Amino acid sequence: MNYVYAGYAVGFGGVALYAVRVVLRGRALRRALGLSPGAATSSAAGTSPGASSPPAPPAPAPMRSGAVAGSTDAGSDR
Amino acid sequence: VTPALGIGALVFSAIAIVDGLWILGPTAEQGDYSKLLVVHPPVATIAYVAFGITALASLLYLLPRTRRREWDQLAGASAEVGVVFCALTLVTGSIWGRPVWGVWWTWDARLTATALLLVLFLGYLALRRIPAEETVKGRRCAVAALIAILDIPVDHYATSWWQTLHQGSSVDLLQPDKHIDTSHNVALLLGFIAMTLAFAWLLVVRYRVEQLEARYEQEGLAIALEARRAEGGVGTSEDAEPRVGASA
């Protein structure tokens, strides 16, 4: 009977595990694209129109430094 | 529709498991091992169906009149689900074969053709990951799918064409009571319903993931281009590098 239990575990369990994997992959992609509520904390936050990003620091007057370019860039994404 | 498919799959899986493990009786020939009928044939049939959908979608993608990116995405999604079911077919068949045949594996025509089918569609999935222009990749994968699908008739008729250790069909749709009794037919039907619902749900969800992946690839490229433009305009890439890395 152990073979029967093993067969059922592999058959139904395998499908269930794959289903979990597909769901998690979909959630991760949605988060990365800013399509889910958790998008603000993802690595790609602020890169899509729907994502909220932390407020950009005030830009100094001269447009030369990297920090200025960064804040400008972040602002353009939102 | 999707939640209904998911819930239906769960409910029918539970019913099929309870019926198969604790209600279905043993047979004179195989004893309790015949209970694996609930798992192995449905999983194998679903693998055929999944690869069939891949081939059909690939054909529609190849025809100029019906060419749409969605067909290619559906083919890819169905192939991945099919590979999972095909792998499960081999493993559950091996678990069934060990106590009944005395071996985990033998180079029987049916088993070999199924293993070949798995390898062919693993190759198809690998081909999908090779970077190329969208239409070139789509066409290349569609042709590969149509070649790989030729193994299905060989696999299906292997038990008729050659002398195999693997048994022939358990069920003849034209004569339902030809081989197995009603309780086993019911158990088999429950297994088929459960796996079909699970496959339908998986296909829908996986297809959506395929579309999200395509969108992510497009947006990732747009972000990289934007970062490069900013780099060119300001003269530094210090701010752009981490953002490209984070999004790619």
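Of all residues in segment B:5-24, those that are aromatic (Phe, Trp, Tyr) and free of Cβ contacts under 8 Å to residues at least 60 places away in the same chain total 1.
Among the residues of segment B:26-46, none is identified as of a type in the set (A, V, I, L, M, F, W, C), facing another protein chain (nearest Cβ under 8 Å) and free of Cβ contacts under 8 Å to residues at least 40 places away in the same chain.
Got at least one residue in segment B:47-63 being of a type in the set (Ser, Thr, Tyr) and either loosely packed, with under 13 Cβ neighbours inside 10 Å or touching a Leu at 6+ places or on another chain (Cβ under 7 Å) (or both)?
Within segment B:47-63 (the criterion being of a type in the set (Ser, Thr, Tyr) and either loosely packed, with under 13 Cβ neighbours inside 10 Å or touching a Leu at 6+ places or on another chain (Cβ under 7 Å) (or both)), the answer is yes, since at least one residue qualifies.
With respect to the stated conditions, B:SER58 is small (Gly, Ala, Ser), over 14 Å from the mean Cα position of the chain (by Cα) and under 30 Å from B:ALA214 (Cβ atoms).
Considering segment A:1-41, the residues that are crowded, with 20+ Cβ neighbours inside 10 Å and more than 7 Å from chain B (Cβ to nearest Cβ) include one that is modelled with the highest pLDDT, namely A:ARG31.
Just wondering, is there one or more residues in segment B:11-24 that are in a helix (DSSP H, G or I), in contact with a helix residue (DSSP H, G or I) (Cβ under 9 Å, 6 or more places away or on another chain), more than 9 Å from every other protein chain (Cβ to nearest Cβ) and crowded, with 17+ Cβ neighbours inside 10 Å? Yes: segment B:11-24 contains one or more residues that are in a helix (DSSP H, G or I), in contact with a helix residue (DSSP H, G or I) (Cβ under 9 Å, 6 or more places away or on another chain), more than 9 Å from every other protein chain (Cβ to nearest Cβ) and crowded, with 17+ Cβ neighbours inside 10 Å. Once segment B:208-230 is narrowed to residues that are modelled with pLDDT of 75 or more and at the interface with another protein chain (Cβ under 7 Å from one of its Cβ atoms), the residue that is nearest to A:ARG30 (Cα to Cα) is B:LEU212. Applying the condition of being facing another protein chain (nearest Cβ under 10 Å) and among the charged types (D, E, K, R) to segment B:69-100 and asking which residue is surrounded by the most Cβ atoms within 10 Å (Cβ to Cβ) yields B:GLU80. When segment B:25-35 is filtered for residues that are more than 19 Å from B:LEU189 (Cβ to Cβ) and loosely packed, with under 13 Cβ neighbours inside 10 Å, the ones remaining, listed by number, are B:ALA28, B:GLU29. Taking residues in segment B:145-163 that are more than 22 Å from B:ALA79 (Cβ to Cβ), and partners anywhere that are part of a loop (DSSP other than H, G, I, E, B), the pairs with Cβ atoms closer than 6 Å and at least 6 places apart or on different chains are B:THR159/B:HIS166; B:THR159/B:GLY168.
The values are calculated or read from the model by the stated rules, or taken from the named source; none is laboratory data. This structure is a prediction, so every number in the text was calculated from the model and none was measured. Cβ coordinates were reconstructed from backbone atoms using ideal geometry, including for glycine residues, and neighbour counts include every protein chain displayed.
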